[in-house]
């Protein structure tokens, strides 16, 4: 009997050794990917067992149970992240799982353009086929509520930048990330602002930055334009800036501003109302925010677009100089 027991122990040991050798040999063996197999998507909610089975279906794994076994033994299976992967080279099973845990997913691009409105941003997001669309016909108010920003106006509170995002990112997640970036940049710049700017809150700075963003296509002019507006605010002179009038006109704006538009009162008409408009009028980038926090010192109170293709303006100190510039650069057109 004892000889038989010894025989069973030996056979069991040999069997376990063979199993272990098969396991170790499998996970140490570089996996072979064809070009069509290198793009692999892990959907949200997939377990490591499901991932192994899907790789087996794709023809990558011969023995998916060892993939699952390694994921369990290493405790890395719970860290596998969903997304679209583009597998490079010929990784071993541990190396492949490390890629899945690190979330080395294919990244797509979405851009928020400086000077664009929230309406335009929504249209741009809807056209991005790589984003998972969720906001659809939601109202602006519903979107703000869904973002946890209820009661806030959506204009200007999403940071203008280019963003990278993985597959399965929703439009709401994209907006939330850009809002968080806006708050971060605004807080940083506000903390380092010039001490004598006539603005009480970061939000006031954001409002003015949006006006600066819309006023010039020449980045080097932003601090000077900000300086002009600061000078006006200090002496309680109306800003009289066309972009705010246009924003207040909404869908009735047809590309032209007429005299009646300048005299028709809206909350955004800075010809009829003093101070800043109630909200930003566009999305902004860091440079416009920085320009408002560090405006250029100037005695100029007026500026007019040159319309010479440069995107720059003629700055003037007096009404007489400004009127002459208007006649030169505007009326003669």
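Each reported figure results from applying straightforward, stated rules to the coordinates on display, with no laboratory input. For clarity, every value in this text was computed on a predicted model and none was experimentally measured. For neighbour counting, all protein chains shown are included, and Cβ atoms are generated from backbone atoms with ideal geometry for every residue, glycine included.
At-a-glance table
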read-out	value
Contour excess over end-to-end distance, with Cα ends at residue 234 and residue 65 and 0.36 nm allotted per residue	53.6 nm
Answer label, with Kirkwood radius over Cα pairs in Å calculated from the coordinates and candidates (1) 20.4; (2) 24.5; (3) 19.8	(2)
Net length gained if the chain between residue 242 and residue 319 were fully extended (0.36 nm per residue, minus Cα distance)	26.0 nm
Length-normalised contact order for the chain - Cα pairs under 8 Å, 6+ apart - percent	15
Cα-projected label distance for residue 307 with residue 257, points at 7 Å along beta-carbon direction, nm	1.3
Helix 2-28 axis, angle to the chain major axis (alpha carbon atoms, nearest 10°)	30
Residue-averaged [θ]222 nm for the chain, counting only DSSP H segments that reach four residues, each worth -39500 (n - 2.57)	-14000 deg cm²/dmol
Folded to 0 to 90 degrees: helix 64-74 orientation relative to the chain principal axis, Cα	70
Pairwise centroid distance, computed over Cα atoms, of segment 124-163 with segment 167-203, Å	15
Computed lengthening from residue 218 to residue 187, 0.36 nm per intervening residue step minus Cα-Cα distance	8.7 nm
Between helix 171-191 and the chain: long-axis angle, C-alpha atoms, 0 to 90°, nearest 10	60
Where labels lie 7 Å past Cα in the beta-carbon direction, separation of residue 43 and residue 19 in nm	3.2
